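Chemist: Just passing along the structure, written as structure tokens.
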Amino acid sequence: MMLCTIIGNLMLAAGALMLLTTAGNRACRLLFAATGMAKNNSQPDSPAAAGWAIGGLERTIFAIGIIVSSWEVLAVVIALKSVARYKELDEKLPADYFLVGSMFSIIWAAIVTTAWMMVDRRYGAGISGILATFLNPSAA
């Protein structure tokens, strides 16, 4: 029984991670296409190609921040992205593309993480609590 619970929780966490990263990237691309902001991003060194990796990572970090109730994480990630891409915002990447992607990541991470936490509370073994304790031991 314990093994089934562990496997089930790992599958739940893996599913949430896939929703945050791969599905989130695809949904963001669909949003860009629907709003006419999509560009030809076939070059591997394009800002949008880098955004694919950055988007998945930022949504994962946002999710961790939401789980441990550390809302400062949102500000830190946005600030880091802004500093890292400041030159690109002036030269290559329209600011609205950057802002829409960032806002989408926050909303997507909030939706997926909230759903994951609800499912985890109902059917899981309290992985959210374990993760919160692991990442923020002073709160325990």
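The values are calculated or read from the model by the stated rules, or taken from the named source; none is laboratory data. A quick note: this is a predicted structure, and the numbers were derived from the prediction, not measured. Because the Cβ atoms are built from the backbone with ideal geometry, glycine has one as well, and the counts that use them run over all protein chains shown.
Chemist: Working only within the stretch 72-88, note down all residues that are hydrophobic (A, V, I, L, M, F, W, C) and at pLDDT 80 or above. Step through it out loud before you land on a result.
Modeler: Quick first cut of the stretch 72-88, residues hydrophobic (A, V, I, L, M, F, W, C) only: 73-80, 83-84.
Passing the criteria: Val73, Leu74, Ala75, Val76, Val77, Ile78, Ala79, Leu80.
Chemist: Met37 - would you say it is of a type outside the set (Ser, Thr, Tyr) and modelled with pLDDT under 70?
Modeler: Numbers: of a type outside the set (Ser, Thr, Tyr): yes; modelled with pLDDT under 70: no.
No; evaluated as a whole, the condition is false for this residue.
Chemist: Next question. Got at least one residue in the stretch 50-71 being farther than 26 Å from Leu10 by Cβ, touching a helix residue (DSSP H, G or I) at 6+ places or on another chain (Cβ under 8 Å) and modelled with pLDDT under 75?
Modeler: yes
Chemist: So which residues in the stretch 96-121 are in contact with a helix residue (DSSP H, G or I) (Cβ under 8 Å, 6 or more places away or on another chain), charged (D, E, K, R) and in contact (Cβ under 8 Å) with a residue 40 or more places away in the chain?
Modeler: Passing the criteria: only Asp120.
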